[in-house]
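The values are calculated or read from the model by the stated rules, or taken from the named source; none is laboratory data. The structure displayed is predicted, hence computed values, not measured ones. Because the Cβ atoms are built from the backbone with ideal geometry, glycine has one as well, and the counts that use them run over all protein chains shown.
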Amino acid sequence: MAAILIVDDEQFILIGLGDYFRSLGFTVDCAQDLEEAMRLLQDIRYDLVISDIRLTRYGGEGLRMVEYVRNNSPGTATILLTGAARSAELEAEAKTSGVDLLLEKPFLLDKLGSTALELLKNRQRLG
């Protein structure tokens with residue numbers, strides 16, 4: 001099954017998403033900050049990265065990570081999670097950085113799971 005990297009500064013989200021995706025048969029690694037995620041991305045090829053847009057109080061780290069993924073692992077799909085309301089500016093930033101999907105919190109785990117599976121299926125078909 002596919003390998004997923006989940007990045008969020010909130011431990012309970014990492015545990016919940018990690019357990020959920022493992023129950024679907026995915027191999028899952030978790031990181032709590034941008035630096036840890038980038039170290040993992042240097043050593044492991046992930047099929048999907050799911051990241052919160054805000055990993056510190058300053059925010060925007062998720063967008064930087066997506067740019068890093070695009071530059072270093074172009075075959076990796078990305079889903080960016082945001083607790084902020086979607087805006088035209090955020091949509092434009094996400095598109096520019098190469099995000100495959102921007103998803104607003106809160107979301108249903110089933111929706112995230114089915115969306116991730118569909119995104120991976122489409123990537124395999126195109127790849």
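Whether a residue is modelled with pLDDT of 85 or more and either on the phi < 0 side of the Ramachandran plot or exposed (fewer than 11 other Cβ atoms within 10 Å of the Cβ) (or both) was assessed, and Gly75 passes this test. For the range 32-54, what are the residues that are of a type outside the set (Phe, Trp, Tyr), closer than 17 Å to Ala77 by Cβ and surrounded by 15 or more Cβ atoms within 10 Å (Cβ to Cβ)? Selection gives Ala37, Leu40, Leu41, Asp47, Leu48, Val49, Ile50, Ser51, Asp52, Ile53. Picking from residues in the range 33-70 that are acidic (Asp, Glu) and not in a helix (DSSP H, G or I), the one that is farthest from Val99 (Cα to Cα) is Asp33. If I filter the range 82-92 for residues that are part of a helix (DSSP H, G or I) and among the hydroxyl-bearing types (Ser, Thr, Tyr), do I get at least one hit? Scanning the range 82-92 turns up no residue that is part of a helix (DSSP H, G or I) and among the hydroxyl-bearing types (Ser, Thr, Tyr). Restricting attention to the range 6-19, the residues that are surrounded by fewer than 16 Cβ atoms within 10 Å (Cβ to Cβ) and either of a type in the set (Phe, Trp, Tyr) or part of a loop (DSSP other than H, G, I, E, B) (or both) add up to 2.
Reported count of residues in the range 15-38, each being within 20 Å of Leu120 (Cβ to Cβ) and without any contact (Cβ under 8 Å) to a residue 12 or more places away in the chain, is 3. For Asp29, are the conditions met, namely being assigned to a loop (DSSP other than H, G, I, E, B) and acidic (Asp, Glu)? No, not satisfied. Looking at the range 90-119, which of its residues are among the charged types (D, E, K, R) and closer than 20 Å to Arg70 by Cα? Matches in the range 90-119: Glu91, Glu93, Lys95, Asp100, Glu118. For Ser114, the test of being among the polar types (S, T, N, Q) and either surrounded by 14 or more Cβ atoms within 10 Å (Cβ to Cβ) or not in a helix (DSSP H, G or I) (or both) is failed.
Return the pair list, or none, for Cβ contacts closer than 6 Å from residues in the range 3-14 that are at pLDDT 95 or above to residues that are of a type in the set (S, T, N, Q) and outside any helix (DSSP H, G or I), at least 6 apart or on different chains. Within 6 Å, the pairs are Ala3/Thr27; Val7/Ser51.
Taking the range 20-31 on its own, how many of its residues are surrounded by 12 or more Cβ atoms within 10 Å (Cβ to Cβ) and more than 16 Å from Met65 (Cβ to Cβ)? Qualifying residue count for the region: 7.
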